[in-house]
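One structure is given here, and the rest of the page talks about it.
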Amino acid sequence: MEKIERINTQEDAIKLLNIALEHEWAVSFEYTIHAYSMPKAKFWYEDPVMKMKTDARAQTIQIGIDEMYHSLQLGIIITQMGGTPSFKTDEVMRFPKIMDNLKRDKMTEDMVTSLYQSAEFKEGAFPKIQNMILNISYDEVRHSDQFAAMMDAMKKEGAENALCFQSSPESTEKEEVQRLHEIMRMENELLHRYLKYVILFSEHQDLSQRLFKNSIDHMRHWDKNSGILIKMGDVVQVENAETDSEGVEKSLKPMPDLYPGDNRLSALETLIPAEEALTAKYEKLITLLKDSDIKEQLKLHLGQNREHIFTQEWLLQNARKIKGIE
Ligand SMILES: [Fe+2]
Ligand SMILES: [Fe+2]
Ligand SMILES: [Fe+2]
């Protein structure tokens with residue numbers, strides 16, 4: 001992560017926000033991937049903020065969602081300031097041991113807290129931005145405390161060496177597993193593509209809110225599919241990762257960094273074929289599966305994606321009806 005400490009000009013402010021954004025995109029992945037690589041309701045800790053016994057996996061997912069909201073906030077402000085939000089990301093890593101992932105999670109929290117809290121603004125310049133990054137930084141302080149408590153609890157339980165789920169050669173050979181990974185890449189691409197448009201159209205709540213709903217649906221599908229992969233004997237992938245001799249995976253491109261469409265019509269036009277392609281992938285996968293909870297869950301995702309096609313077709317037709325709309 002680059003660092004910028006003096007914020008004098010608008011350009012400096014946009015630079016700070018984009019450095020932060022590339023971090024926020026990365027950790028929103030990293031935490032959810034770490035969470036979906038560990039067992040559900042197995043590692044409990046006393047949460048220092050909520051003051052209750054909490055499942056480390058569930059809370060790690062919640063923290064990942066907070067990071068997604070941070071990304072959205074930053075992207076919207078960058079756009080309002082006349083900048084272009086970056087969709088590049090910092091490096092995403094996954095270690096074989098759960099504890100090493102948590103250690104990294106706490107480290108990245110402390111690193112970004114320092115980025116946010118050490119930025120010195122020229123007196124009176126960008127007060128709202130200054131306020132926003134301070135507000136975000138205290139979410140990060142909370143996250144860091146939460147990850148620390150998770151690690152303490154695991155140490156006390158003697159679970160320091162507990163391993164993440166790993167995919168086995170038998171599972172990766174299965175056609176349904178391969179198809180589900182392909183679907184997850186598409187869900188992921190779409191969730192971020194929608195977020196790009198949410199940011200792009202953030203000056204108007206109608207389009208922005210509608211697209212945000214679809215983005216959240218795709219995020220949920222991606223999440224649920226990660227759980228399904230475990231049931232299929234596999235685990236969520238870190239896209240475009242290289243694995244070293246210690247089994248540590250690293251990726252600088254967990255998601256595409258470019259998305260098509262840069263105005264209302266061109267953005268809306270790209271979404272229908274993307275939703276149709278995803279829907280076709282679900283239809284094919286579902287025909288391969290026997291009746292099961294997994295199949296029912298995938299059918300629900302399929303149904304919601306069909307709903308998106310309906311909505312998107314009308315958003316596009318309605319946009320075409322109005323002259324001069326941007
Ligand atoms: Fe964050
Ligand atoms: Fe955080
Ligand atoms: Fe969809």
Q: Could you figure out which of (1) modelled with pLDDT under 95; (2) in contact with a strand residue (DSSP E or B) (Cβ under 6 Å, 6 or more places away or on another chain) isn't true of N8?
A: (2)
Q: Could you tell me which residue of region 160-185 is surrounded by the fewest Cβ atoms within 10 Å (Cβ to Cβ), considering only residues that are in contact with a His (Cβ under 9 Å, 6 or more places away or on another chain) and part of a helix (DSSP H, G or I)?
A: T172
**Q.** R193 being in contact with a Ser or Thr (Cβ under 8 Å, 6 or more places away or on another chain), of a type outside the set (G, A, S) and open to solvent by less than 50 Å² (accessible area, probe 1.4 Å)
**A.** yes
Q. So which residues in region 214-249 are within 28 Å of G83 (Cβ to Cβ) and touching a strand residue (DSSP E or B) at 6+ places or on another chain (Cβ under 8 Å)?
A. E239, N240
Q: Identify all residues within region 77-110 that are closer than 22 Å to M219 by Cα and among the small types (G, A, S); write none if there are none.
A: S86
Q: Check Y36, Y31 and return the single one that is open to solvent by 10 Å² or more (accessible area, probe 1.4 Å) and aromatic (F, W, Y).
A: Y36
(Q) Would you confirm whether or not region 296-303 contains a residue that is more than 22 Å from the chain's Cα centre (by Cα), more than 16 Å from ligand 2 (Cβ to nearest atom) and buried (at least 17 other Cβ atoms within 10 Å of the Cβ)? (A) no
Q: Check S167, S144, S137 and return the single one that is more than 22 Å from I63 (Cα to Cα), under 23 Å from the mean Cα position of the chain (by Cα) and of a type in the set (S, T, N, Q).
A: S167
**Q.** Among the candidates D244, D217, residue that is acidic (D, E) and away from ligand 3 (no atom under 13 Å from the Cβ)
**A.** D244
Q) Does L74 meet the test of being more than 27 Å from M219 (Cα to Cα) and within 16 Å of ligand 1 (Cβ to nearest atom)? A) no
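The values are calculated or read from the model by the stated rules, or taken from the named source; none is laboratory data. Small disclaimer: the values here were computed from a predicted structure and weren't measured. Using ideal geometry, Cβ is built from the backbone for each residue, glycine included, and neighbour counts are taken over all protein chains shown. Heads up: the accessible areas ignore ligands, DNA and RNA and are worked out on the full protein's heavy atoms, side chains in. Shrake-Rupley method; radii C 1.70, N 1.55, O 1.52, S 1.80 Å.
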